[in-house]
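A short write-up of the structure that comes next.
The values are calculated or read from the model by the stated rules, or taken from the named source; none is laboratory data. All of these numbers come straight from a predicted model, not from anything done at the bench. Please note: Cβ atoms are built from the backbone with ideal geometry, for glycine as well, and neighbour counts cover all protein chains shown. Ligands, DNA and RNA are excluded from the accessible area calculation, which covers all protein heavy atoms including side chains. Shrake-Rupley method; radii C 1.70, N 1.55, O 1.52, S 1.80 Å.
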Amino acid sequence: MTEGALAALRNELGGKPPKAVAALDEEHLQALADAIAKAKRRQAKALEKATDEAFDTLPRLLRGPVRKILGAGVLSRMGH
Amino acid sequence: MPTGRRKLDIRSEIIKLERLLGSGGSSLTYLESVPPEELRRLHEQATDAIFDADQASIQRLLGASRLLPGGLTAKLAQNVFGPLLSARIADQLAADQAVDLAKRLDPSFLADIAIELDPRRASGVLGRMPGSLIGAIATELVKRGAYVTMGRMVGHLPDRAVKSAIGVIDAEALLRTAFFVEETDRLNAIVDMLDDQRLDDLIVAAGEVDLWPEVLDLVEGLTKRRQGRVADAAAAHDDELLAGLFKTAHEQQLWDFVLPLVGSMSKESRERFAALKTIQRKTVLREIVAAAARTELWAELLPLVPLLTPKARGYVAGAVAELDRDVIERAIADTGSNGISAPGLVAIAAAMDPKAQAELATLFEQRLGKPVGD
């Protein structure tokens, strides 16, 4: 019955949750999975913003090598 | 519902999870049924999942930062990266490089980074931070009320750094921090760093801001000798202050924390403790007996019994007589291995009604293989 929410939590944790956590009801398993997903999204957003702003403040000479290391994927998201 | 020490451990672990998950985990009270060791495991799993989620981007940023001179990286970290990104990078740096960078940053910004760090991952860096810098960061963390952060770091800091931090934070902050320390051997080290005056400050702070659960949680992790130091410091105070401790223990069912304190007190402190009016109350004594039975802390309780008033001994005897036979048998077994407990059991027996006395005598004979009177 709780397989859906338990699977969602397992997915967010990248592994099986501890036994007593897995035994929580579906509503709470889902709430926990959502809270972890939200924390990940918040972190990804903060990191992207910081990366973007850091690149803009680099001395021009350094932007080329840094762009190369950061990779095309990151840069296109940053609009550079 | 869990009681006593498990309840406090659960509370501490849930607060840590709420901190990790931010606003997304604002109400995790539904986790109160989960044992503390499983909550700690959940915290570690969630930390790893969140921290590893953006590993590829962080690794690329780390590669880019290696191109920059240390001064520029420090400037970027403080003015642009912000604490979250800096924290994720810091735990990937070589310890020497991270410490060098930290020395160029403001303690206020380092405190912000500390809040975002996972101490397990940054253990190598924390272990090499200069004590003076840790002291400056601790000052800033106290201003932010970041006790979870401080508590989780303690296990990863060398003694000299912990000493620096203790030197700059007040008693209230120290108690609140100790509540979140995960390695109990570090609590022993912390208590050893406190002179009698500072230990007394802890007791006074606990009384003023009602931090008795924090005191009891701290005491639980200490060795008997150190528990004795704290217990004697508490017993030196007036009835009013100690009444606050008992009120908290009563309301939050924390008597199984108080009993080790009683057991490790000096004889003089125990006499004073036994004479307190709050302790002589029937409801209090029944709860104390229940806690001793639940956690098998008879060796801690029994030395107190002969010191109580006859009426109070009667309350204890009544509560013991109502316990299951196997629980009483275990108490008797305890007296066999602990010389100072025997007078306590005799005092209980003497205060029992004749029927309960006869039953207890039978249990004694069965357990010890000889009549009680011999």
Going by what's in this entry, would B:LEU101 be described as buried (at least 21 other Cβ atoms within 10 Å of the Cβ), more than 14 Å from chain A (Cβ to nearest Cβ) and at pLDDT below 90? yes
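Does A:LYS19 satisfy the condition of being at the interface with chain B (Cβ under 10 Å from one of its Cβ atoms) and farther than 16 Å from B:GLY22 by Cβ?
Numbers: at the interface with chain B (Cβ under 10 Å from one of its Cβ atoms): yes; farther than 16 Å from B:GLY22 by Cβ: yes.
For A:LYS19, the condition - at the interface with chain B (Cβ under 10 Å from one of its Cβ atoms) and farther than 16 Å from B:GLY22 by Cβ - is met.
Taking the stated definitions as given, is A:ALA33 out of contact with any Phe, Trp or Tyr (no Cβ under 6 Å at 6 or more places or on another chain), without any contact (Cβ under 8 Å) to a residue 60 or more places away in the chain and open to solvent by less than 40 Å² (accessible area, probe 1.4 Å)?
Values: out of contact with any Phe, Trp or Tyr (no Cβ under 6 Å at 6 or more places or on another chain): yes; without any contact (Cβ under 8 Å) to a residue 60 or more places away in the chain: yes; open to solvent by less than 40 Å² (accessible area, probe 1.4 Å): yes.
Yes; evaluated as a whole, the condition is true for this residue.
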The one condition in (1) in a helix (DSSP H, G or I); (2) modelled with pLDDT of 85 or more; (3) not aliphatic (A, V, I, L, M) that B:ASP118 fails to fulfil: (1)
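Looking at the range B:293-312 only, could you name the residues that are modelled with pLDDT under 90 and part of a helix (DSSP H, G or I)?
B:ALA293, B:ARG294, B:THR295, B:TRP298, B:ALA299, B:GLU300, B:LEU301, B:LEU302, B:PRO303, B:LEU304, B:VAL305, B:PRO306 - these are the residues of the range B:293-312 that are modelled with pLDDT under 90 and part of a helix (DSSP H, G or I).
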Out of the residues in the range B:30-57 that are modelled with pLDDT of 90 or more and among the hydroxyl-bearing types (Ser, Thr, Tyr), state the one that is surrounded by the most Cβ atoms within 10 Å (Cβ to Cβ). B:THR47
Can you name the number of the only condition in (1) within 17 Å of B:ALA87 (Cβ to Cβ); (2) open to solvent by 20 Å² or more (accessible area, probe 1.4 Å); (3) part of a helix (DSSP H, G or I) that B:VAL142 fails? (1)
Residues that are open to solvent by 10 Å² or more (accessible area, probe 1.4 Å), more than 28 Å from the chain's Cα centre (by Cα) and modelled with pLDDT of 75 or more, drawn from the range B:320-345: B:ALA321, B:GLU322, B:LEU323, B:ASP324, B:ARG325, B:ASP326, B:ILE328, B:GLU329
Name the pairs: first residue in the range B:138-155 and of a type in the set (Asp, Glu), second residue open to solvent by 40 Å² or more (accessible area, probe 1.4 Å) and in a helix (DSSP H, G or I), Cβ to Cβ under 9 Å, at least 6 apart or on different chains? B:GLU140/B:PRO107; B:GLU140/B:SER108; B:GLU140/B:ASP112
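Which residues, taken from the range B:204-225, are part of a helix (DSSP H, G or I) and either open to solvent by 40 Å² or more (accessible area, probe 1.4 Å) or in contact with a strand residue (DSSP E or B) (Cβ under 9 Å, 6 or more places away or on another chain) (or both)? It would help to see each step written out before you state the result.
In the first step, residues of the range B:204-225 are kept if they are part of a helix (DSSP H, G or I); the result is B:204-209, B:212-220, B:224-225.
Of everything in the range B:204-225, those that are part of a helix (DSSP H, G or I) and either open to solvent by 40 Å² or more (accessible area, probe 1.4 Å) or in contact with a strand residue (DSSP E or B) (Cβ under 9 Å, 6 or more places away or on another chain) (or both) turn out to be B:VAL204, B:GLU208, B:VAL209, B:GLU220, B:LYS224, B:ARG225.
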Go through the range B:76-94 residue by residue and tally those that are open to solvent by 20 Å² or more (accessible area, probe 1.4 Å), under 27 Å from B:GLY145 (Cα atoms) and more than 9 Å from chain A (Cβ to nearest Cβ). 5
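With respect to B:VAL154, determine if the residue is crowded, with 17+ Cβ neighbours inside 10 Å, within 26 Å of the chain's Cα centre (by Cα) and of a type in the set (Val, Ile, Thr). Explain how you work it out, then say what you get.
On the way: crowded, with 17+ Cβ neighbours inside 10 Å: yes; within 26 Å of the chain's Cα centre (by Cα): yes; of a type in the set (Val, Ile, Thr): yes.
When the stated conditions are applied, B:VAL154 passes them.
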Total residues in the range B:226-239, condition touching a residue at least 24 places away in the same chain (Cβ under 8 Å) and over 14 Å from B:ILE190 (Cα atoms): 9
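Looking for whichever is closer than 21 Å to B:ILE166 by Cα and surrounded by fewer than 22 Cβ atoms within 10 Å (Cβ to Cβ) here; the options are B:ASP239, B:ASP201. Which one fits?
On the way: B:ASP239 fails: closer than 21 Å to B:ILE166 by Cα.
Answer to the check: B:ASP201.
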